[in-house]
Amino acid sequence: MNLSKKEIHVIGDNEFIDNKQLYSYIYKSIHVATKLKKDVTIAFLQANTNNKGLIFHPMWLAKMLVIADRKPFPPKQSSVNCFIDAVSGYRGLLTSDMCISRRFVDESKVISPKIKAAYEVEKYIKDVQRTQINRSYILKKPKHKIIHYSLVYLPLWKIDIDSDCVSNPLFLNANTGESEKYLSSQWETNRWLKVK
């Protein structure tokens, strides 16, 4: 079977969490009450896995400049990064720059974005500027400048486990092993797609 490949920009520059490490992260991500059950172990999770695979979830990353007046001093400029989930519109600020690498991946593993057009992305970036950045400026609000933004993909392990003890499917960040439960819970809502 010949799978078509697609070149995409992926968040992260290291190797993804491999199969050996994956189950320890799955175990870590499940609810504490579930872990207290004697039969729920890493071996149990491995034995009851129905399906697992890497998917690549679309996100917009934006770099912005925040310019705050401080008269009589020169304006203070600071660089800020934000993300917008290209499926749900969920958005927020990032604490650091993201490493991005180019990879060829199976096209069937790449999730299509709902937020595609440049004008759509800009309204979400402006919403982050207004509702999240401006909150930390009490008196005069700063000026904003969008430096650039681009569509990238977050690598996620998607795992289905045949057990009532574990909610399915599980989504884990393939770079860090952290659960992406909140992010994935937003994909079926329209709550974040609306911008005032």
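Odds and ends about this structure:
- Dipole magnitude of the chain, debye to nearest 20 (Cβ charges: Lys/Arg +1, Asp/Glu -1, about Cα centre): 1200 debye
- Here the chain has 53 percent of its accessible surface on carbon and sulfur atoms, given a 1.4 Å probe and all protein chains in place.
- Using bins of 10 Å that start at zero, the share of Cα-Cα pairs per bin across region 31-157 amounts to 11, 31, 23, 19, 11, 4, 1, in whole %.
- Positive-end ranking of ILE84, MET59, THR41 along the dipole of region 16-133, with charges on Cβ about the Cα centre, is headed by THR41.
- The calculated FRET efficiency for the pair GLU188 and CYS99, based on their C-beta separation and a Förster distance of 30 Å, comes to about 0.55.
- Per-pair calculated FRET efficiency, R0 = 35 Å: SER136 and LEU54 via Cβ, rounded to 0.05: 0.45
- Build a GNM of the chain with springs between Cα atoms under 10 Å apart, and of LYS140, LYS123, LYS109 the one that fluctuates most is LYS140.
- Efficiency of FRET from Cβ geometry, ASP69 and GLU107, R₀ 45 Å, rounded to 0.05: 0.40
- C-alpha long axis of helix 19-29 to longest principal axis of the chain, angle in °: 70 degrees
- Per-residue SASA remark: MET98, around 80 Å² accessible (1.4 Å probe; ligands, DNA and RNA not included).
- Accessible area of PHE104 in the full protein assembly, 1.4 Å probe (Å², nearest 10): 140 Å²
- Mean separation of Cα pairs under 8 Å and 6 or more residues apart, divided by the residue count, gives the chain a relative contact order of 33 percent.
The values are calculated or read from the model by the stated rules, or taken from the named source; none is laboratory data. Source: prediction; values computed, not measured. Glycine gets a Cβ as well: all are built from the backbone with ideal geometry, and neighbour counts include every protein chain shown. All accessible areas refer to the heavy atoms of the entire protein, side chains included, with ligands and DNA or RNA removed. Shrake-Rupley method; radii C 1.70, N 1.55, O 1.52, S 1.80 Å.
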